[in-house]
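Rule-based calculations on the coordinates, nothing more; no lab input. Owing to the predicted nature of the structure, the values given are computational and were not obtained by experimental measurement. Cβ: placed from backbone, ideal geometry, glycine included. Neighbour counts: every protein chain shown.
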């Protein structure tokens with residue numbers, strides 16, 4: 001009954017934990033003067049990935065699978081930034097995420113009537129506390145599993161996360177470790193919670209002296225590390241569940257193709273992740289990777 005948030009970021013997060021960071025937008029001088037006047041933002045991303053891993057658990061692999069069969073994931077997001085309308089109430093957002101897997105019947109649900117594995121809905125609010133260099137986000141996630149029956153068809157969580165801008169701490173212009181902590185509490189099927197602690201850093205090759213090098217100037221490399229702590233979802237007591245190591249390589253297509261900023265940002269991200277199972281009574285070590293094509297406006 002689990003899913004990655006990349007967001008993140010996954011799903012963000014991750015997703016999510018997304019699971020991939022957006023590369024910086026570099027545009028022509030005339031385009032860089034454009035300022036967005038609408039409070040509404042839109043995002044769309046499509047991912048193909050070798051396995052669907054959520055909180056260290058593999059939901060798309062089974063005995064005898066043989067060659068990896070790709071998973072397909074689609075995310076859509078919409079945000080409303082109140083600061084654009086003269087208010088100071090933070091940002092409100094909604095997002096939808098779906099997972100499609102051709103071997104659904106073999107992997108999870110014998111007798112299933114389709115390949116749609118999961119559809120999730122998120123409603124959230126975020127607010128930046130500038131004095132503390134902290135952004136708080138809280139929301140609700142509804143998880144639906146079309147191939148499951150009875151009470152297993154649906155569950156939902158409440159969550160809260162804190163992310164910190166550590167540039168002040170390190171005396172730098174950009175954040176160094178981007179630390180965050182997030183807590184997810186299931187309020188339906190699963191009597192338990194999940195705690196995440198994560199760090200990451202963006203290395204824009206343009207900032208490393210390659211700003212005039214074709215192709216390389218539009219690439220951002222982002223290593224990340226996330227610790228997952230289970231509190232009753234897999235076992236009866238709180239304990240460390242896994243360490244997730246990640247590497248994202250993002251290519252800013254908007255900059256490479258000289259697309260004006262007012263038309264939005266397009267990026268392509270290759271990623272590879274490894275989940276090291278600490279609480280191996282419930283989890284296995286997992287290695288997976290894929291590609292994400294993203295559009296944001």
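Starting from 0 in steps of 5 Å, tell me what percent of the Cα-Cα pairs of the stretch 243-285 lands in each bin.
Reading upward from the zero bin: 6, 19, 16, 12, 11, 9, 9, 8, 6, 4, 0.
How long is the gain from residue 35 to residue 103 if the chain were fully straight, where each residue apart is worth 0.36 nm and the alpha carbon distance is subtracted?
Numbers: separation 68, 0.36 × 68 = 24.48 nm, distance 4.55 nm.
Full extension from residue 35 to residue 103 adds 19.9 nm.
Treat the count of other C-beta atoms within 10 Å as a stand-in for reagent exposure and order 251, 153 from fewest to most. Walk me through the numbers before you get to the answer.
Details: 251 17, 153 13.
Placing the least packed residue first, the sequence is 153, 251.
Only counting other Cβ atoms within 10 Å, I'd like 195, 257, 89 sorted with the fewest neighbours first.
Working: 195 17, 257 9, 89 12.
Going from sparsest to densest Cβ surroundings: 257, 89, 195.
Based only on other Cβ atoms within 10 Å, what is the fewest-to-most ordering of 36, 217?
Values: 36 12, 217 19.
Going from least to most buried by this count: 36, 217.
Using packing as a proxy for protection, rank 157-163, 69-75 so that the peptide with the highest average count of other Cβ atoms within 10 Å comes first. Could you put the intermediate results ahead of the total?
Working: 157-163: 18.4, 69-75: 20.0.
Order by mean packing, descending: 69-75, 157-163.
May I ask for the Rg/Rh ratio of the stretch 39-296, computed from Cα atoms with Rh as the Kirkwood radius, given to two decimals?
0.97
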